[in-house]
There are 2 protein chains.
Amino acid sequence: MCIAGGRIHDLQGAGSKTFGATAPTLSAQHVSTHDHLFFEGDARDRIYIVESGWVKLYRTLIDGQRQIVGFANSGSILGIESDGHYSNSCEAITDVIIRPIPAIRINGICKNDPALADQILRQIARQLGAAQSQLATIGAQSAEQKLATFLLSIADLCEVNHDREFDLPMRRGDMAEFLGLRLETVSRKMTEFQRRGWIKLTSLYHCRFLQRHVLEQLAQGGEADTGVALRAC
Amino acid sequence: MCIAGGRIHDLQGAGSKTFGATAPTLSAQHVSTHDHLFFEGDARDRIYIVESGWVKLYRTLIDGQRQIVGFANSGSILGIESDGHYSNSCEAITDVIIRPIPAIRINGICKNDPALADQILRQIARQLGAAQSQLATIGAQSAEQKLATFLLSIADLCEVNHDREFDLPMRRGDMAEFLGLRLETVSRKMTEFQRRGWIKLTSLYHCRFLQRHVLEQLAQGGEADTGVALRAC
DNA sequence: AGAACCGCTTGATTTCAGTCAATTCGATTA
DNA sequence: TAATCGAATTGACTGAAATCAAGCGGTTCT
């Protein structure tokens, strides 16, 4: 099966030709929160361009452990890392609108559709860079540093508003599975960040930076000084 | 600077036209062990195709922590994840022969050189898949599982010979920086794997599988049973 | 030969994050 | 308003890997 619950709906007439004259012809589709676009191992019959909303991409190990390998929102292309079969599962974490592209178009795409191919090449390069950054985060940072890095990068994707406020569209457990932590650890650190006055959670899924520079220092591998001036030495 | 020690040598006449009629014109170059092809942040003036030998790709955090984001050998394309500037440093861990491709060719490559573009697209997709697998390894596995996964995948890249023997071209510290562990932990686990009769180190950089299935079970998230039969229950 | 160096191994101890368990919070429904 | 359910928080305890430190073995340099 490819779509859990079969709740993907065609949106005839919704935003078309986003990707130029050679763009795909399939119409945009709607996916509800918690529905899957595809599962790891499914035959890859199409790739998807996200038009709005958020999805998570993850892998499941045999012992049930899961690893989220990325979150994706508007502009992301899904399914390009695989060949024949999807190598990740993909679940909507908000309501999502996607535009499918038949996989058949991918073979020899450079000859047949150079505009789309360039688009895909840029996207996949960006995703590879992001995956490598995430490797550095997961492999070389402490829980505290991981969370700081995560908040900054998610805020970046969400475009922080004038109040330094941004969405946190995923659950604590998703954050944990992305960062290689447990949700209890994420929860504790979020609480600690608040207690120290670095962030303010206006709701579970809404966050505001109070001391962004402290998080940036943490993320870059420095010590958090909480405003205490460093003495020259 | 781009090449530490300036020890990259042109190899005029060495293997040419590996990548079809539209292949790059620059000649192959030799890089000695421990020399750098490029550093994180350098202007990306070219990408490279590895023709022989091994390199490591890594990032350095401000506090000096390093994360190896990948090892690459024959057939790999280096520098494609970046745009304008290299996002990783690249160091030869053995003597290496590479073929450079001027970055200028990359823009609009689909129109100008579709054969090379298809090649790059396949390579980058493979690298993204590998990076995501590595995320799952680093984020969701124990030290023991990480090492089992690593040995299996490196053996795969090296092509195990008839004696189930394969090269381990990197140092313990490199393995550690790749797996998000400390070199002491890698050393301990390697010793433990040997003591349990799963592997035999014929030298520091040469390994033989004795009980490959145990490692495979470990890597997939199961318990290691060391040959003791499981009772049906 | 001796000294110095480098990478690896091994041991003792500490610590950060994981585990297990209880409780709270918030949204939805009866 | 009470009941229910899922998600998040909080607490007590444990354990796996990090840290700190010493020693080993091979290679290179004087």
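The values are calculated or read from the model by the stated rules, or taken from the named source; none is laboratory data. What you are looking at is a predicted structure, and each value in this text was computed from that prediction instead of being measured. Positions of Cβ are backbone-derived with ideal geometry, glycine not excepted, and every protein chain shown enters the neighbour counts.
Data for the structure
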{"quantity": "B:ALA143 being within 19 Å of B:LEU168 (Cα to Cα) and more than 15 Å from the chain's Cα centre (by Cα)", "calculated": "yes"}
{"quantity": "Total residues in the range B:95-151, condition within 16 Å of DNA strand D (Cβ to nearest atom), among the small types (Gly, Ala, Ser) and assigned to a helix (DSSP H, G or I)", "calculated": "5"}
{"quantity": "Residue, surrounded by the fewest Cβ atoms within 10 Å (Cβ to Cβ), within the range B:161-190, restricted to residues that are of a type in the set (S, T, N, Q) and closer than 26 Å to A:LEU135 by Cα", "calculated": "B:SER187"}
{"quantity": "Failed criterion for B:TYR205 (all others in (1) out of contact with any Lys or Arg (no Cβ under 6 Å at 6 or more places or on another chain); (2) without any contact (Cβ under 8 Å) to a residue 12 or more places away in the chain; (3) within 14 Å of DNA strand C (Cβ to nearest atom) hold)", "calculated": "(2)"}
{"quantity": "Residues within the range A:188-202 that are within 22 Å of the chain's Cα centre (by Cα), within 11 Å of DNA strand C (Cβ to nearest atom) and within 11 Å of A:GLU144 (Cα to Cα), tallied", "calculated": "1"}
{"quantity": "Test for A:SER82: is it closer than 30 Å to A:GLN65 by Cα and modelled with pLDDT of 90 or more", "calculated": "no"}
{"quantity": "Every residue from the range B:167-220 that is within 14 Å of another protein chain (Cβ to nearest Cβ), within 13 Å of DNA strand D (Cβ to nearest atom) and in a helix (DSSP H, G or I)", "calculated": "B:GLY173, B:MET175, B:ALA176, B:GLU177, B:PHE178, B:LEU179, B:LEU183, B:THR185, B:VAL186, B:LEU218"}
{"quantity": "Boolean, B:ILE101 is in the same structural domain as B:SER52 (by TED's automatic domain parsing) and more than 16 Å from DNA strand C (Cβ to nearest atom)", "calculated": "yes"}
{"quantity": "Scan of the range B:94-112 for residues that are farther than 16 Å from B:TYR48 by Cα and buried (at least 22 other Cβ atoms within 10 Å of the Cβ), ordered by number", "calculated": "B:CYS110"}
{"quantity": "Selection within the range B:99-138 - under 16 Å from the mean Cα position of the chain (by Cα) and facing another protein chain (nearest Cβ under 7 Å)", "calculated": "B:ILE124, B:ALA125, B:GLN127, B:LEU128, B:GLY129, B:ALA131, B:GLN132, B:GLN134, B:LEU135, B:ILE138"}
{"quantity": "Filtered residues of the range B:58-79 (kept if out of contact with any helix residue (DSSP H, G or I) (no Cβ under 8 Å at 6 or more places or on another chain) and more than 23 Å from B:ASP113 (Cα to Cα))", "calculated": "B:THR60, B:ILE62, B:ASP63, B:GLY64, B:ALA72"}
{"quantity": "When residues of the range B:93-119 are limited to those that are closer than 17 Å to A:ALA117 by Cα and of a type in the set (Lys, Arg), the one modelled with the highest pLDDT", "calculated": "B:LYS111"}
{"quantity": "Selection count where residues are of a type in the set (A, V, I, L, M, F, W, C) and either within 15 Å of DNA strand C (Cβ to nearest atom) or within 28 Å of B:LEU181 (Cα to Cα) (or both), scope the range A:136-169", "calculated": "11"}
